[in-house]
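Data first, discussion second: the structure below is written as structure tokens.
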2 protein chains.
Amino acid sequence: MMSVLSPEELSARLRAVGEERYHHKHPFHVLMHEGRLTRGQLQAWALNRAYYQSKIPVKDALILARSGDPAFRRVWRKRVIDHDGGAGEPGGIEKWIRLAEATGLDRDRVIAGEEILPGVRFAVDAYLNLVAERSLLEAVASSLTEMFSRDLISLRLDKVRLHYPWLEKGLDYFTARLSQAPEDAGFALDWVTLHARTRDEQELAISALRAKCDILWAQLDAIYFAYVEPGWPPPGAFRIEEKSA
Amino acid sequence: MMSVLSPEELSARLRAVGEERYHHKHPFHVLMHEGRLTRGQLQAWALNRAYYQSKIPVKDALILARSGDPAFRRVWRKRVIDHDGGAGEPGGIEKWIRLAEATGLDRDRVIAGEEILPGVRFAVDAYLNLVAERSLLEAVASSLTEMFSRDLISLRLDKVRLHYPWLEKGLDYFTARLSQAPEDAGFALDWVTLHARTRDEQELAISALRAKCDILWAQLDAIYFAYVEPGWPPPGAFRIEEKSA
């Protein structure tokens, strides 16, 4: 039987998953940060990722619904509020729509979501299935990609301002996440550390984080394939207009 | 209100979906039929599609479980039997494994499925969700891609024998499907025609077939992207060995 990992060992294992699999290394992000994406490609990215954003509070509501602990739920509900917003207070979904608008897309087209790549849709839906069907421990552990998001977002903010200054007015989503994500990740990491009591449970948590990384990576794969190289969107999906190419 | 389509009109609408979205036109199949895939690329295809094959009888069992009609179930169970096989009688899953073996892959590696592309896994799981969550009518309609499979399989058999003669011994899956698929499709088309009584139901059936085409297409997209162009398998996925490239 494998021995239980210390909190430090568990944290190191989780960080190693991020180093290997988190989408900060994905070629689409590399191109983005090198300023080598066109406006049309950024539109495709914003439009497709809007589907992911739209499901985040649904994902968190599924997790809320699975916990029997009011104290846990009181903390976790912050995520639903952060993304859905409040009266006159735009949440993450609305901020993402504004980012998409800043790329030149029509808001209604983003919300309708009819042109989302099937590959993106399947990956996002796999995330909802993961949090609904695996254990609560795994559902919470899958959120730990937020341990890695701050560095990626900081880099992105710098690079977007440098290479795509016309997108500056759409960056509220990212500036908000700079503080929200580490706060959320800190709570989730403590919770996973406390509740993964056996080595088997620890391995399930690590595996859930790996699965979540796959979900993020697969979305960018689908976007890269359709809109960068070879550049073949499947039938029915968003197509880049000539003038945005 | 839109008027109900005649059986001929419904059939024509379904065939139009296939013409536009069925994966016979996917670039990966085009390369395959032109003899331009390497052995390693065919291994990647066989290994990944084995995951789809392994879930076909699960998908059909989900459909069986949703029908309250013994007569329907008596016909539909044939699909489970076709894919799972019988005593000493290899079914579709086993035949697919033999196809993968003919490409040079180890059987245990195919069955373990640890190197499946996440994009393929998410698309296949989306198929299971579709048949579990949408109406029985839509679940049955999603099987109608079999209306289009005979032509694709006939072409494939010719082209594989021509371009990849070393794969000849692995073709039992396809020769079996040549007769199974049209028989199954005939029953399903009649059933959908009979049970889609309103125009709304007919549109739901058409939409389910479109969704299924997206599921097939997305699998080949993931395979093409990882193993043809640009050729970047995600972290943890199957990698083509130098000698098979």
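What Kirkwood radius, in Å to one decimal, follows from the Cα pairs of the protein assembly as shown?
Details: mean 1/r = 0.0415 Å⁻¹.
After inverting the pairwise mean of 1/r, the radius is 24.1 Å.
In chain B, what percent of the accessible surface is made up of carbon and sulfur (1.4 Å probe, ligands and nucleic acids excluded)?
Result for chain B: 52 percent of the exposed heavy-atom area is carbon or sulfur.
When a/c reaches 1.5 or more, the comparison of a/b and b/c decides; with that in mind, is segment B:13-76 rounded, prolate or oblate per its Cα gyration tensor?
It comes out oblate by the Cα gyration axes.
Would you please name the GluC sites (Glu not before Pro) within segment A:85-115 that are DSSP coil residues with at most 12 other C-beta atoms within 10 Å of their C-beta?
A:Glu114
7 Å along Cα→Cβ for the label point: how many nanometres lie between B:Asp172 and each equivalent label in the other copies, listed shortest first?
Counterpart label points of B:Asp172 in the remaining copies fall at 6.3 nm.
Using only the Cα atoms of segment A:156-214, construct the convex hull and provide its projected area averaged over every direction, in square nanometres to one decimal. Walk me through the numbers before you get to the answer.
Details: hull surface 20.8 nm².
For the Cα atoms of segment A:156-214, the hull's average projected area reads 5.2 nm².
So what's the gap between the Cα centers of segment A:3-40 and segment B:53-115, to the nearest angstrom?
That distance is 36 Å.
When the chain is fully extended, how far beyond the present Cα-Cα distance does A:Val30 get from A:Asp158, taking 0.36 nm per residue of separation? Walk me through the numbers on the way to the answer.
On the way: separation 128, 0.36 × 128 = 46.08 nm, distance 1.34 nm.
Length gained between A:Val30 and A:Asp158: 44.7 nm.
Mind scanning B:Lys95/B:Lys212; B:Lys169/B:Lys212; B:Lys159/B:Lys212; A:Lys25/B:Lys55 and naming the pairs with a C-alpha gap bigger than 27 Å? Walk me through the numbers on the way to the answer.
Details: B:Lys95/B:Lys212 23 Å; B:Lys169/B:Lys212 30 Å; B:Lys159/B:Lys212 25 Å; A:Lys25/B:Lys55 32 Å.
Where the Cα-Cα span goes over 27 Å, the pairs concerned are B:Lys169/B:Lys212; A:Lys25/B:Lys55.
Take segment B:57-127, compute every pairwise Cα distance, and split them into 5 Å bins from 0; I just need the percent in each bin.
Histogram of Cα-Cα distances, whole percents per bin: 4, 14, 17, 20, 20, 13, 8, 4, 1.
With +1 assigned to the C-beta of every Lys and Arg and -1 to the C-beta of every Asp and Glu, and no other charges, what is the dipole magnitude of segment B:115-245 about the Cα centre in debye, to the nearest 20?
220
Which distances, in nm and shortest first, link the B:Ser67 label point to the same label point in every other copy, taking 7 Å along Cα→Cβ?
Result for B:Ser67, in nm, nearest copy first: 4.4.
Please give, to one decimal in nm, the separation of the simple spin-label points placed at A:Ser3 and A:Leu64, each 7 Å out from Cα toward the Cβ.
4.2
Just how large is the dipole of chain A about the Cα centre, in debye to the nearest 20, putting +1 at every Lys and Arg Cβ and -1 at every Asp and Glu Cβ?
Numbers: 33 positive and 35 negative charges, 39 e Å.
Here the size comes out at about 180 debye.
How big is the dipole moment of the protein assembly as shown about its Cα centre under a simple scheme where the beta carbon of each Lys and Arg is +1, that of each Asp and Glu is -1, and everything else is neutral? Debye, nearest 20, please.
60
For A:Asp151 and A:His195, FRET efficiency with R0 = 22 Å and r from the beta-carbon atoms, rounded to 0.05?
0.25
Taking the Cα atoms of segment B:1-151, report the difference between the largest and smallest coordinate on each principal axis, in whole Å and largest first.
54, 37, 27
Give the residue from B:Leu167, B:Trp217, B:Thr198 lying farthest towards the positive end of the charge dipole for segment B:160-245; charges sit on Cβ (+1 for Lys and Arg, -1 for Asp and Glu) and the dipole is referred to the Cα centre.
The residue sitting farthest along the positive end of the dipole is B:Leu167.
Quick one: what do you get for segment A:172-245 if you divide its Cα Rg by 2.2 N^0.38 Å?
So the Cα radius of gyration is 1.65 times the expected 2.2 N^0.38 Å.
Could you tell me the convex hull volume per residue, in Å³, taken over the Cα atoms of segment A:1-42? Don't skip to the end; give the middle numbers.
Values: hull volume 3.4 nm³, N = 42.
Taking the convex hull of the Cα positions in segment A:1-42, it is 82 Å³ per residue.
Under the definition of Cα pairs under 8 Å and six or more residues apart, what whole-number percent is the relative contact order of segment B:54-168?
25
Given segment B:93-245 reduced to its alpha-carbon atoms as identical point scatterers, what log10 I(q)/I(0) does the Debye formula return at q = 0.18, 0.19 Å⁻¹?
Reported log10 I(q)/I(0), two decimals: -1.25, -1.32.
For the interface of A with B, what's the total buried accessible surface in square angstrom, probe 1.4 angstrom, rounded to the nearest hundred?
2000
The values are calculated or read from the model by the stated rules, or taken from the named source; none is laboratory data. Since the model is a prediction, treat every value here as computed from it, not as a measurement. Because the Cβ atoms are built from the backbone with ideal geometry, glycine has one as well, and the counts that use them run over all protein chains shown. To get the accessible areas, we keep the full protein, side chains included, count just its heavy atoms, and leave off ligands, DNA and RNA. Shrake-Rupley method; radii C 1.70, N 1.55, O 1.52, S 1.80 Å.
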